[in-house]
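The values are calculated or read from the model by the stated rules, or taken from the named source; none is laboratory data. Not measured: the values here are computed from a predicted model. We place every Cβ from the backbone using ideal geometry, glycine too, and count neighbours over all the protein chains shown.
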Amino acid sequence: MDDKFNKIRQLAKEKKAIILAHNYQLPEVQDVADLTGDSLALSIEASKTDAKIIVFCGVHFMAETAAIVCPDKKVILPVEDAGCAMADMLNAAQLREFKAKYPGVPVVTYVNSTAEVKAESDICCTSANAVQVVKSLDSKEVIMTPDRNLAKWAQRHTDQKIYYWDGCCPIHDELTVAKVKKARQEHPQAVLMAHPECPPEVLDMADVVRSTSGMLAYAKESDAKEFIVATEVGLLYPLKKQNPDKEFYAASPEMICDNMKKTTLDGVLRALEDEGPVIEVEEDIRIEALKAVERMMAVPRD
Ligand code: 13P
Ligand code: SF4
């Protein structure tokens with residue numbers, strides 16, 4: 001394990017590569033990375049890095065976002081078929097048809113989407129900035145894609161009318177009130193932190209609703225000692241690592257994104273050795289998608 005870890009670090013240095021890992025990745029992959037974070041933090045990091053190679057330990061749309069913002073860099077996704085069930089729920093033709101129902105209404109697309117869907121959108125958002133992005137638009141009506149739960153969450157925080165695409169993250173969407181009640185009964189003192197991809201009735205029960213990095217920040221600052229975590233279970237690792245004196249419990253142990261677990265140390269090492277698989281985005285799509293991503297990055301964060 002140490003040997004593999006050291007080889008990866010050595011190779012990354014030799015090749016001027018930066019390793020980015022999402023907060024849901026396997027513990028050893030998070031440990032070997034230069035940086036870990038949520039989708040927004042990693043996109044910003046990708047846009048700022050002067051590394052020649054970006055090894056993106058996450059899922060396809062995340063590497064694609066890095067390729068959109070860094071056309072001069074080689075963006076590698078160690079496991080090419082690590083996809084996102086939510087991103088697969090909407091394609092560009094479907095979005096064009098949906099937009100035709102609401103002429104002139106701006107489209108906010110969650111970064112958990114394909115490059116071609118971003119290219120059809122006016123602005124992107126992440127779970128960390130969805131409400132601010134919607135409010136930044138000078139429009140009484142807004143379309144949000146592809147996550148209905150994130151859209152319903154944003155709707156609670158604005159008077160603008162939101163029309164949403166009926167997609168979701170199956171891992172978050174299947175978290176039920178009954179499962180959360182059970183976790184609450186087992187840990188009555190715990191603060192309930194939930195990701196906005198959870199269904200509205202679960203968010204109603206939450207004490208705080210945050211992106212993955214938002215939960216990490218909240219847990220660090222909070223005086224509470226126990227937390228129930230309503231998101232993919234991978235987040236428990238950095239939560240525990242950063243807060244050894246606090247306890248974290250999964251809202252449901254079933255919340256596992258298989259695609260996020262496909263990347264291993266072997267996979268990262270192979271990706272660095274082979275300098276692939278490389279993720280590329282067709283230039284005309286990239287230019288349009290970049291406009292939506294850059295517009296999002298210009299929206300101030302709270
Ligand atoms: P975050 O941007 O909050 O890390 O979420 C990404 C994701 O895929 C959630 O399922
Ligand atoms: Fe996509 Fe859900 Fe997995 Fe996040 S947890 S990558 S939204 S399938």
Of the residues in segment 185-195 that are touching a residue at least 60 places away in the same chain (Cβ under 8 Å) and more than 16 Å from ligand 2 (Cβ to nearest atom), the one that is nearest to Gln30 (Cα to Cα) is His187
Considering only segment 153-169, how many residues are outside any loop (DSSP other than H, G, I, E, B) and closer than 22 Å to Gly214 by Cβ? 6
Scan of segment 194-210 for residues that are in a loop (DSSP other than H, G, I, E, B) and among the aliphatic types (A, V, I, L, M), ordered by number: Met205, Ala206
Qualifying positions in segment 64-87 - under 17 Å from Gly267 (Cα atoms) and either within 13 Å of ligand 1 (Cβ to nearest atom) or within 11 Å of the chain's Cα centre (by Cα) (or both): Ala82, Gly83
Scan segment 38-64 residue by residue and report those that are at pLDDT below 95 and within 13 Å of ligand 2 (Cβ to nearest atom). Asp38, Ser39, Leu42
Given the options Ser43, Ser113, name the one that is in contact (Cβ under 8 Å) with a residue 60 or more places away in the chain and either closer than 21 Å to Gly234 by Cα or buried (at least 19 other Cβ atoms within 10 Å of the Cβ) (or both). Ser43
Out of Gly214, Gly234, which single residue is farther than 30 Å from Lys13 by Cβ, within 14 Å of ligand 1 (Cβ to nearest atom) and in contact (Cβ under 8 Å) with a residue 40 or more places away in the chain? Gly214
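Let's see how each residue does on (1) without any contact (Cβ under 8 Å) to a residue 24 or more places away in the chain; (2) under 27 Å from Val79 (Cα atoms); (3) out of contact with any strand residue (DSSP E or B) (no Cβ under 8 Å at 6 or more places or on another chain); (4) polar (S, T, N, Q):
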{"site": "Ile228", "(1), (2), (3), (4)": "no, no, no, no"}
{"site": "Pro238", "(1), (2), (3), (4)": "no, yes, no, no"}
{"site": "Asp245", "(1), (2), (3), (4)": "yes, no, yes, no"}
{"site": "Phe248", "(1), (2), (3), (4)": "no, no, no, no"}
{"site": "Thr264", "(1), (2), (3), (4)": "no, yes, yes, yes"}
The lone condition Cys198 fails out of (1) under 17 Å from the mean Cα position of the chain (by Cα); (2) under 26 Å from Asp34 (Cα atoms); (3) within 16 Å of ligand 2 (Cβ to nearest atom) is (2)
Criterion (surrounded by 24 or more Cβ atoms within 10 Å (Cβ to Cβ) and out of contact with any helix residue (DSSP H, G or I) (no Cβ under 8 Å at 6 or more places or on another chain)) met by exactly one of Ala63, Ala100, Ala51: Ala63
